[in-house]
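The values are calculated or read from the model by the stated rules, or taken from the named source; none is laboratory data. Values in this document were obtained by computation on a predicted structure and should not be read as measured data. Every residue, glycine as well, gets a Cβ built from its backbone with ideal geometry; the counts of neighbours run over all protein chains shown. Note: accessible area is taken over every heavy atom of the protein model, side chains too, but ligands, DNA and RNA are not part of it. Shrake-Rupley method; radii C 1.70, N 1.55, O 1.52, S 1.80 Å.
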Amino acid sequence: MQIKIGLPKHLIGVIASSVFMMNAIAATDDVIPNDQSSLKPIVNSGGKEIKFNWPMFKIGTAEYKEGPTGVTVFSFNNKVHAVMDVRGEPGIANTEWLRLGRDTPVVDAVVLSGGSIYGLESTTAVASAMKDDQYRTGTIGDVALSTGAIIYDLGDRRLNEVVPDKKLAQAAYRNAKEGIFRVGSAGAGRSAKSGGLFGLNGYSGQGGAFYEKGNLKIAAFAVVNPLGAVVDRDGNIQTGYSHSSWPPNLKIADLLRITKNAWGTKDNEVRQTQNTTISLIIVNQKLPNADLQRLATQVHTSMSRALQPFATQWDGDVLFAVSTDEVDLPTAKAEREKTMALLPVIASEVMWDALLSAAPEQPALPIPIKTDKVLPAKYAGKYRFSRFVTVEITAKDGKLYARATGERNAFAIPKGRSVELLPINENLTQFTLNESARYPLVLDFTGDSLVINPGLWAQMSEKR
């Protein structure tokens with residue numbers, strides 16, 4: 001029997017109009033703010049390689065240059081013991097297993113990712129890859145377990161919302177290599193920054209260090225993204241851009257003193273931000289769960305020497321501690337107690353080395369040049385960086401001007417107000433603002449569209 005349903009003519013018109021509108025919306029990328037389906041992972045690239053000898057685990061990194069943002073995956077050849085120490089409000093995944101205190105090793109991988117909460121997809125994606133590759137099945141006792149954490153690398157650090165996803169994380173996992181780690185602007189540290197509390201805003205990357213003596217092995221890794229400054233053992237600030245009022249060769253003690261003395265003044269303005277340093281310490285000593293937890297606590301606490309201030313109200317710091325169970329503790333009581341006392345101390349020093357290794361070379365401040373040439377009017381137009389950032393370039397009387405016309409500023413390019421551009425090279429393809437600036441800003445018209453800050457942290461646009 002055939003059933004016919006009649007619709008009022010006015011409803012037929014409404015439905016047809018709705019279908020037309022849905023098709024029209026689907027034809028534009030505006031309804032999907034950051035469709036990442038066309039992005040291609042770049043694996044094991046960027047930064048500098050450090051090499052070490054430890055066959056127990058592999059490390060893979062992958063990035064989307066369009067962010068830029070990335071992920072770093074540590075995968076172990078056997079399940080390992082793992083615990084964590086948390087300072088703040090972290091973004092974490094599959095960590096409740098680490099709180100149970102069991103002596104049975106359960107963890108297959110630790111995943112560190114950019115992308116804020118959205119980057120947590122990376123953690124579960126690694127476990128899915130283990131199942132898909134038949135490394136782990138779904139049978140009892142053979143279920144893949146990956147755990148991980150994220151840093152915040154969105155907001156005013158970038159002009160887009162590209163985040164690490166399943167495709168990126170699985171590319172990092174499947175291309176992981178033994179005994180190689182990339183320090184600097186790589187993997188999860190691709191857009192990590194430090195020193196925002198003081199306006200330093202230096203790129204701080206990811207770092208690693210390795211220690212081996214006798215039968216002891218320790219490896220430390222960190223994605224360095226604190227609100228505080230990164231400090232060496234002499235109190236020197238490692239990355240960031242000074243304020244014009246500060247004296248040269250400023251040490252952290254001096255900067256903290258300046259901050260204290262500026263209380264209640266306009267020079268002590270702090271805006272809310274989001275920061276997190278995520279770290280991993282690996283030891284080959286077989287440790288009871290309680291002792292591994294104490295090691296995690298001590299190493300994490302020690303990081304306050306290198307990151308000042310540490311664990312602020314806007315940091316969500318997380319440290320994972322892993323024991324690969326390859327070397328038994330001494331059986332003699334005195335030797336065992338000595339090992340348990342010194343192991344966290346040495347591990348803390350290795351972690352400080354890792355934190356100091358992270359910083360990539362900082363972009364230099366551009367210097368305008370003087371010219372009598374008419375600036376190219378062909379650069380005029382609208383350049384879309386994302387759904388919320390567009391930069392409009394206008395030409396007038398032989399000069400060029402820029403203003404942001406989207407929801408947000410484009411770094412120092414403001415909304416609703418045009419700022420003059422000044423050339424920084426003789427062939428008139430790169431410009432900076434005609435305003436004093438603390439941070440580098442370069443507008444590059446070398447290609448078919450506008451690139452802001454070409455180089456490691458390039459922000460790319462489409463000309464509209």
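Listed by position, the strands (runs of 3 or more DSSP E) inside segment 83-202 whose residues that are over 23 Å from GLY46 (Cα atoms) number at least 2 are 107-113, 146-150. Scanning segment 184-242 for residues that are charged (D, E, K, R) and under 26 Å from PRO366 (Cα atoms), we see that the one that is surrounded by the fewest Cβ atoms within 10 Å (Cβ to Cβ) is LYS193.
For segment 14-29, does any single residue satisfy the condition of being modelled with pLDDT under 95 and within 26 Å of the chain's Cα centre (by Cα)? Within segment 14-29, one or more residues are modelled with pLDDT under 95 and within 26 Å of the chain's Cα centre (by Cα).
For segment 266-285, the criterion of being at pLDDT 95 or above, open to solvent by 80 Å² or more (accessible area, probe 1.4 Å) and farther than 20 Å from ALA149 by Cβ is met by none of the residues.
If a residue has to be buried (at least 23 other Cβ atoms within 10 Å of the Cβ) and touching a Ser or Thr at 6+ places or on another chain (Cβ under 7 Å) to count, how many in segment 169-181 make the cut? The qualifying residues number 3.
LEU365 satisfies every condition listed in (1) surrounded by fewer than 17 Cβ atoms within 10 Å (Cβ to Cβ); (2) not in a loop (DSSP other than H, G, I, E, B) except (2). If you filter segment 224-243 down to residues that are under 21 Å from the mean Cα position of the chain (by Cα) and part of a strand (DSSP E or B), you find that the one that is nearest to PRO309 (Cα to Cα) is ALA229. The condition (being among the hydrophobic types (A, V, I, L, M, F, W, C), farther than 16 Å from VAL322 by Cβ and surrounded by 20 or more Cβ atoms within 10 Å (Cβ to Cβ)) is satisfied by just one residue among VAL110, VAL83, VAL71: VAL71. Which condition from (1) within 27 Å of the chain's Cα centre (by Cα); (2) assigned to a loop (DSSP other than H, G, I, E, B) is the one that TYR383 breaks? All conditions are met except number (2).
Are any of the residues in segment 4-11 farther than 26 Å from GLY316 by Cα, open to solvent by 80 Å² or more (accessible area, probe 1.4 Å) and modelled with pLDDT of 95 or more? Checked segment 4-11: no residue is farther than 26 Å from GLY316 by Cα, open to solvent by 80 Å² or more (accessible area, probe 1.4 Å) and modelled with pLDDT of 95 or more.
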